[in-house]
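Written out below as structure tokens is the structure these notes cover.
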Amino acid sequence: MKPTLMKAPPNRATWRSSDVPTALLYLTPALLGFAVFYAWPLFRGVQISLTDWNLLSPAEWIGAANYQKLFTDPLFWNALKVTAIYVVVNIGSQMILGLGIAVLMQRLRIGTGTQSAILLPWLIPNVTVAIVTLFMLDPNVGFVNEVLDYIGASTHSFYGNSDLAIYTIALVNTWRNMGYTALLFYAGIQTISPDLYEAAALDGASGWRSFWSITLPMLRPITALILVVSMIGSFQIFDTVSVATDGGPGNATRVIYFYIYQKSFEELNMGYGAAMAVVLFALIFTFSLLQLRALRATESDVN
Amino acid sequence: MKFKKTAALLSAAVLLVGCSTGGSGGGESGDDVTLTYSLWDENQLPAYQSCTDAFTEKTGIKVEITQSAWDDYWQNITTDLVTGTAPDVITDHVQYYPELADNGQLLDISSYVEADGIDLDQYTGGLADLWVKDGARYGLPQDWDTVALVYNVAAAEAAGYTADDFANLTWNPTDGGTFGKAIAHMSIDKNGVRGDEPGFDKNNVQTYGWTLETGGGVVGQSQWSWSALSTGFEYLDKNPFGTKYQLDDQRLIDTLTWWQNQIAAGYVVPREQAGQLGLVPEMEQNIGAMVSDGSWRITTWAESTAQEFAFAPLPEGPEGRVTIINGLAPSITASTKHPDEAWQLVKFIGSTECQNLVADTGVVFPAITSAAERSDEVRTSKGIDAQVFLDEALAEGGTAYYPITLHATEVNNEAQAVIDEIQELKVTPAEALPALNDRINAILEG
């Protein structure tokens, strides 16, 4: 990774021109896909956000009015706040639990059967998870509350109480995703040379110490990757909310994607929905860049 | 449930990429016309199937019915309208038709109505007037619904109430009247202490006197509308198509404050316990003993095997007994290729012939009064006494209309969040309703 290695060979121009057609040929499917599925929808999204389009009547250009409205809309800011709580709780718990499971998987040298079992929840669609937990956590007939009641603990309406609902959704999705996160961490741990642990053990380091001083720093690149990927996914929380709470009670679980959906497809305010989507895009983009920067994603601590 | 929501979202998202061609299927003009007709209530599907069968026999025009549940219905209609594949005739609701009409998606049928000399006075409760916007008519009433009390017969007997007691309940927002006493008395805690007895433990209630149905938006049609309306409160400055909501009205504030006090006292199923499973399980599991509900759910209550339920008229408020009367109507979509045939179908649905067929199934009150009475006889023959809904509909001055405005979905979403918070005891109606009213009126101003 030294800059000198990046210097182009002197005869670069000649091989380049002969390779261009072939390179383009190989790149075409990807470029086409990018143009059709990413660039064009993004362009259209921005375009729609500058109109008052309501799906049913022709759109009219209204300039930045949707963006102005957005800054004074308390529900938009509420949606961002609720989404932020969700992301922090979901990503935080998912990273910690995932890493814990990965370390255990390595320590206990468990078999493929158990490893697959840990991954199992990740194979269930979000919607199914939401429906199943909706019944399991129901205040009247739910299994979880039956158990809580039986052991004498107080019962709760996990999805129906506005103080608990967003945390419930975040943790339910943590349960679903943590196996996958663990697997990624586990793969990362496999790349750490056993020599390091051996050396540390010879120096008298405890297991705890080598976790903090070897495992964690060495996992920095994989951590950055997991963080960025799952944060983007986490921001997009929609299905659990749609199935389990419909954004309620009150505004307690009206996350940004659900709010955009309601504005666009229930209230037929496409222009406003698009404006929020554009702002969300800008936000996620910035966050991802900052994260990659902050975690210096390409290098681990112990180089 | 809501899986189809996601599907609708996906299909609508495709539109963002910019394809909007196509046209509705169906045959060419002439004898071989097939109309498409959509509705959401699966309980009513057999009724309207027999109706359209009779229509086909009479006119030779075939009808294809599509049914999708309420949760998906309107998004499907919207998507279909945008892609040009909408049904020729849709079952319409007053919450949605103004928006569709305003965007030029519905056909004005007033000239047809005039040419064919349809008697608009034959429909119960003046409901035909609700389907006129800016002088254009978008539907002929097919049915109506009112709200009445539903109670658990065993719980009522145990509390010492007879059917007569329930028929004469009174209510006011100050002390709750005999109705307020009834829901307190019918609440029982885990030790068997009743809500109006000393030592009632409101944190450990076995059965609540009143059941909470979540939702209802700005209207609270089946939930609380009757209590607010019985104080003389009116939703809008003018209905239909008023320009301002009046949610800052002291009478509404008093009404919802009274309800909030009942929740706090442990006489109403708490908002969070009402859960997402809906009203019917709450009543069937005897979590709540009494509730107000719309006539569209008569069969559910009457045919319940879990409990025995009976119907009673709404309590009489300071300004009398008032129920919302509302109804559905078939509308013709503007994109139809067969407007004349579609009108034939709408006309038939609005006729005595079809409405008598609907009456014979007993699932709903048809719009024409004679057919509604006939449906009541059908229910009586099945041992179901739901006469109170009909009595309320015909009572002089005892009905009010559902508030009809543009942007109704947006208004309802805004209001629902506040109603939730009131029911959760997080805000008081006195502070929340005026603020909500300002926001809603800003939406109506556009």
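The values are calculated or read from the model by the stated rules, or taken from the named source; none is laboratory data. Small disclaimer: the values here were computed from a predicted structure and weren't measured. A quick note on method: Cβ atoms are made from the backbone with ideal geometry, for glycine too, and the neighbour counts reach across all protein chains shown.
What residue, among those in the range A:159-199 that are in a helix (DSSP H, G or I) and aromatic (F, W, Y), is farthest from A:N126 (Cα to Cα)?
Once the filter is applied, the top-ranked residue is A:Y197.
Taking the condition of being among the polar types (S, T, N, Q) and either modelled with pLDDT under 90 or in contact with an Asp or Glu (Cβ under 6 Å, 6 or more places away or on another chain) (or both), how many residues in the range B:68-78 meet it?
Residues in the range B:68-78 being among the polar types (S, T, N, Q) and either modelled with pLDDT under 90 or in contact with an Asp or Glu (Cβ under 6 Å, 6 or more places away or on another chain) (or both): 1 in total.
From the residues in the range A:124-144 that are assigned to a helix (DSSP H, G or I) and free of Cβ contacts under 8 Å to residues at least 60 places away in the same chain, which one is nearest to the other protein chains (Cβ to nearest Cβ)?
So, considering only residues that are assigned to a helix (DSSP H, G or I) and free of Cβ contacts under 8 Å to residues at least 60 places away in the same chain, the one nearest to the other protein chains (Cβ to nearest Cβ) is A:F135.
If you check every pair at least six apart or on different chains, which have Cβ atoms under 6 Å apart with a residue in the range B:406-418 that is under 16 Å from A:N78 (Cα atoms) and facing chain A (nearest Cβ under 9 Å) first and a residue that is surrounded by fewer than 22 Cβ atoms within 10 Å (Cβ to Cβ) and of a type in the set (D, E, K, R) second?
Close Cβ pairs (under 6 Å, with a partner that is surrounded by fewer than 22 Cβ atoms within 10 Å (Cβ to Cβ) and of a type in the set (D, E, K, R)) amount to B:E414/B:R439.
For the condition more than 14 Å from chain A (Cβ to nearest Cβ), more than 19 Å from the chain's Cα centre (by Cα) and at pLDDT 95 or above, what is the one hit in B:V346, B:V378?
The match here is B:V346.
Considering the range A:145-158 alone, what residues qualify as being within 12 Å of chain B (Cβ to nearest Cβ) and either assigned to a helix (DSSP H, G or I) or touching a Cys at 6+ places or on another chain (Cβ under 7 Å) (or both)?
Within the range A:145-158, A:N145, A:D149 qualify.
Looking at (1) in contact (Cβ under 8 Å) with a residue 60 or more places away in the chain; (2) in a loop (DSSP other than H, G, I, E, B); (3) not aliphatic (A, V, I, L, M), find the lone condition where B:T305 falls short.
(1)
Looking at the range B:69-92, which of its residues are farther than 21 Å from A:D246 by Cα and either under 20 Å from the mean Cα position of the chain (by Cα) or part of a strand (DSSP E or B) (or both)?
Those that are farther than 21 Å from A:D246 by Cα and either under 20 Å from the mean Cα position of the chain (by Cα) or part of a strand (DSSP E or B) (or both): B:V89, B:I90, B:T91, B:D92.
Within the range A:102-123, is there a residue that is surrounded by 13 or more Cβ atoms within 10 Å (Cβ to Cβ), more than 14 Å from every other protein chain (Cβ to nearest Cβ), touching a residue at least 60 places away in the same chain (Cβ under 8 Å) and within 30 Å of A:R254 (Cβ to Cβ)?
no
Determine if the range B:256-265 includes at least one residue that is within 22 Å of A:G142 (Cβ to Cβ) and out of contact with any helix residue (DSSP H, G or I) (no Cβ under 7 Å at 6 or more places or on another chain).
No - not one qualifying residue is present in the range B:256-265.
Kindly indicate the residue of the range A:40-75 that is among the hydroxyl-bearing types (S, T, Y) and not in a helix (DSSP H, G or I) and also surrounded by the most Cβ atoms within 10 Å (Cβ to Cβ) among those meeting that condition.
A:T51
Among the residues of the range A:233-245, which ones are farther than 23 Å from B:Q416 by Cβ and either within 8 Å of another protein chain (Cβ to nearest Cβ) or outside any loop (DSSP other than H, G, I, E, B) (or both)?
Hits for the range A:233-245 are A:G233, A:S234, A:F235.
If B:I77 passes every condition in (1) within 12 Å of another protein chain (Cβ to nearest Cβ); (2) loosely packed, with under 15 Cβ neighbours inside 10 Å but one, which one does it miss?
(2)
I need a count of the residues in the range B:159-187 that are farther than 15 Å from B:W259 by Cβ and aromatic (F, W, Y).
So the answer is 2.
Matching residues to (1) away from chain A (no Cβ under 14 Å); (2) part of a helix (DSSP H, G or I); (3) aromatic (F, W, Y):
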| position | (1), (2), (3) |
| --- | --- |
| B:P98 | no, yes, no |
| B:Y112 | yes, yes, yes |
| B:I183 | yes, yes, no |
| B:D196 | yes, no, no |
| B:N203 | no, no, no |
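Quick one: in the range A:246-272, of everything that is within 21 Å of the chain's Cα centre (by Cα) and assigned to a helix (DSSP H, G or I), which residue is nearest to the other protein chains (Cβ to nearest Cβ)?
For the range A:246-272, the residue satisfying everything is A:Y261.
Considering only residues that are farther than 26 Å from A:I91 by Cα and touching a helix residue (DSSP H, G or I) at 6+ places or on another chain (Cβ under 8 Å), look in the range A:178-225 and name the one that is modelled with the lowest pLDDT.
A:A205
Would you pick out the residues in the range B:138-171 that are in contact (Cβ under 8 Å) with a residue 24 or more places away in the chain, surrounded by fewer than 24 Cβ atoms within 10 Å (Cβ to Cβ) and among the acidic types (D, E)?
Result: B:D145, single match.
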